[in-house]
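Q: Sharing a structure, written as structure tokens. Questions coming.
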Amino acid sequence: MDRSFLSDQAVVIASRQFVCARLATYEDSEESKLLKNLASTRSGELENSVFAILGPDGSTKLVRPGRSMRMGFRDASAFAKALDGIAAKFPGVKDATGKSLPLAANVPVALTVASADSLPLVILPKDADQATVDAVAKLAWSPEWVGRLQYARTREAKDLQGVKKLPDDAVKDILVVMPDEFAQGGEVRATLKAGQSDTWGQTLLAALAGYSIQVKSMRDHIPEGKRKGVFYEPANPVTDPQELRARERNRPAKP
């Protein structure tokens, strides 16, 4: 994430006038196809990051797509101002309700994203009913918790491999997991009981008391991962030439 832009408070406020989608470049074939079609690259292939702002039809390009917002905006202030200007042209429905839950594609991807952002991960059971999903969505978009948690849904028990302190009925509970440094697993910090959403806020506050976001730096994080033999393999082949070279430089040596 480009913290110099996306963590700026003015940008955060302006972005809430938009539907924001964070696509996993090499984790979903359809998403990869969309990203490749949005921005031209020197290699002609999908490269690691793509930034675009689209109209309500999902296809009209409102700014020139590129590798990041840095390619089109001088700084975070200019970006926030541009977002406000675009939003004024598309005011949307002011009383819209029923925001959907922003689920990651699967638990491994969610763990990776949560670990990268140093955020807790809320994992719903695969058979969670719609009332439970709606209740978690309401929590996700509440002023107290918006942007503070990641979300995923289990498919089977193996999704939770590497997660410590699992309750006896882990695949039936809503789990609050603190991911480990390299998204190899994590630790359950709390469970949220379905049908008891009025207690979730206090449960989360108690579970996460004292936790602070740990900002990772590539200078330290990549060498430490190499030392520990950790290497992330996405679902689809990496096509960014520069990233491919970097991955080979940092691939752990075979034992």
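Taken together, the values in this text are just the output of simple stated rules run on the coordinates, not laboratory data. The structure displayed is predicted, hence computed values, not measured ones. With ideal geometry, Cβ positions are generated from the backbone for all residues, glycine too; neighbour counts draw on all protein chains shown.
Q: Show the residues, 5+ positions off or on another chain, whose built amide H is closer than 5 Å to the amide H of residue 101.
A: Distant-sequence amide H within range of residue 101: zero hits.
Q: Order of 215, 176, 109 from fewest to most other C-beta atoms within 10 Å?
A: In increasing order of surrounding Cβ atoms, one gets 215, 109, 176.
Q: Listing 141, 200 from the residue with the fewest other Cβ atoms within 10 Å to the one with the most, what is the order?
A: Ascending number of Cβ neighbours within 10 Å: 141, 200.
Q: What net charge do the residues around residue 172 carry, taking every other residue with its C-beta under 11 Å from that of residue 172, with Lys and Arg at +1 and Asp and Glu at -1?
A: -2
Q: Follow-up question, since we're still on this one. Over the residues of the chain, compute the C-alpha Rg and express it relative to 2.2 N^0.38 Å.
A: Relative to the 2.2 N^0.38 Å estimate, the chain comes out at 1.07.
Q: Select from 27, 187, 233 the residue whose mean-square fluctuation is largest in a Gaussian network model of the chain (Cα-Cα springs shorter than 10 Å).
A: 233
Q: Non-local amide H neighbours of residue 18 (under 5 Å, H modeled in plane, Pro and chain starts lacking H): which ones?
A: none
Q: For the range 107-207, what does the relative contact order come out to in percent, with C-alpha contacts under 8 Å and a separation of six or more?
A: 32 percent
Q: What pairs from 36/158; 165/254; 228/254; 126/158; 61/89 go past 20 Å between their alpha carbons?
A: Beyond 20 Å: 36/158; 165/254.
Q: Could you pull out every residue, at least 5 positions away or on a different chain, whose amide H is within less than 5 Å of the one on residue 189? Hs are placed 1.01 Å off N in the peptide plane, and Pro or chain starts have none.
A: Excluding prolines and chain starts, which carry no amide H, the hits are 176, 177, 178.
Q: If you don't mind, another one. How would you rank 86, 123, 13, 174, going from fewest to most other Cβ atoms within 10 Å of each one's own Cβ?
A: Fewest-to-most Cβ neighbours within 10 Å comes out as 13, 86, 174, 123.
Q: Looking at the calculated P(r) for the range 107-207, what percent of the C-alpha pair distances fall above 23 Å?
A: The answer is 16 percent, as a whole percent.
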